Structures are given as C-alpha cells and as structure tokens.
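> Okay, here's the structure, questions in a sec.
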Amino acid sequence: MPASASYSEYIKDLFSPFGDITIRKMFGGAGVYCNGVIFAIIGDDDLWLKVDDVTRAEFEGAGLYPFEVEMNGKTGTMSYYCAPEEIYDDNDALRRWAELALGAAARGKKPKKKKAKKK
C-alpha cells in the first residue's frame, strides 16, 4: 500500500532540520531524499532508514529489522531497516538515527556519469 500524503508530509517535516527533504513515489511506496540523496523509504506508512556495512550493527543492536521484499516467489532484504519509534518524540534520537542513515546514503551514493562531449 502506498504511503499516505499526510504521513509523507509528517516525515518531510520531521527530517527538515537535516536539509532539503523531498519525497518521491516509487514501487508502491516512496523514497525520502535529503539534498537529492535517498536515505529512507516509506511503505505502508512505515519508515525505513538506509544502512550499510558501517551502520548495520547499530540497527541490529537496537533490535531493528530489515525491509523485506518478495519478488518472483522469493523474499529478500534491502539496505533499509525499520526506524526506531523513539525518533518521533526524542530530538536526540532523531538526530542520531538520521545521521546514521544520511552517512550510509552518502557512502553509497554513486558518482554521476559524465556526459560525453559532442564533437
């Protein structure tokens, strides 16, 4: 089920202190971007934060679990973990988890391909 407009706006406001937050629909959910880099996804009005090899242990240590997707009869996980409930009412927790997700997103950002020059 797609993210509701009201939840998407709430997430946009929640993360606005960290930069220019935009939300784009994708694959039945939505991607959450900070300054043009995706760092979270929304699905069914649930928030999932970006992880990588540097941050995964933090999320797992807090008892958080990965986003799972079923494709072609198989279940796989993505590099996003559920956001801890504490981020919604604790600014210090929000800052901590947002910085982990933003760091993972920055490390995973692929450089843009250079356009070929016309002769």
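> Helix-only estimate, please: 222 nm mean residue ellipticity of the chain, summing -39500 (n - 2.57) across DSSP H runs of length 4 or more and dividing by its residues, to the nearest 500.
Taking each H run of at least 4 residues, the total per residue is -9000 deg cm²/dmol.
> Looking only at the stretch 84-109, which residues have a backbone nitrogen under 18 Å from a spot 7 Å from the Cα of Arg24 in the C-beta direction?
102, 105-109
> Expressed as a whole percentage, what fraction of the accessible surface of the chain belongs to carbon and sulfur atoms when a 1.4 Å probe is rolled over the protein heavy atoms?
52 percent
> Over every pair of different alpha-carbon atoms in the chain, take the mean of 1/r and invert it; report that Kirkwood radius in Å.
In the chain this quantity evaluates to 15.1 Å.
> If I stretch the segment between Asp89 and Asp53 completely, what's the gain in nm (0.36 nm per residue apart, minus their alpha carbon distance), one decimal?
10.2 nm
> Which values, in whole Å and largest first, are the semi-axes of the equivalent ellipsoid of the stretch 53-108 obtained as the square root of 5 times each eigenvalue of the Cα gyration tensor?
That gives 23, 14, 10 Å for the three semi-axes.
> Amide H to amide H, which residues 5 or more places from Met26 or on other chains are under 5 Å from it, using H placed in the peptide plane?
Gly31
> Give me the extension gain from Arg96 to Ser16: residue separation times 0.36 nm, minus the current Cα-Cα distance, reported in nm with one decimal.
The Arg96-Ser16 span can extend by a further 27.3 nm.
> With +1 on each Lys and Arg Cβ and -1 on each Asp and Glu Cβ, and nothing else charged, work out how big the dipole of the chain is about its Cα centre, in Debye to the nearest 20.
About 1740 debye.
> Multiply the residue gap between Glu9 and Glu60 by 0.36 nm, knock off their C-alpha separation, and tell me the result in nm, one decimal place.
Extra length available between Glu9 and Glu60 comes to 15.6 nm.
The values are calculated or read from the model by the stated rules, or taken from the named source; none is laboratory data. All of these numbers come straight from a predicted model, not from anything done at the bench. Heads up, the Cβs are rebuilt from the backbone with ideal geometry, glycines too, and the neighbour counts pull from every protein chain shown. The area values use the complete protein model at the heavy-atom level, side chains included, leaving out ligands, DNA and RNA. Shrake-Rupley method; radii C 1.70, N 1.55, O 1.52, S 1.80 Å.
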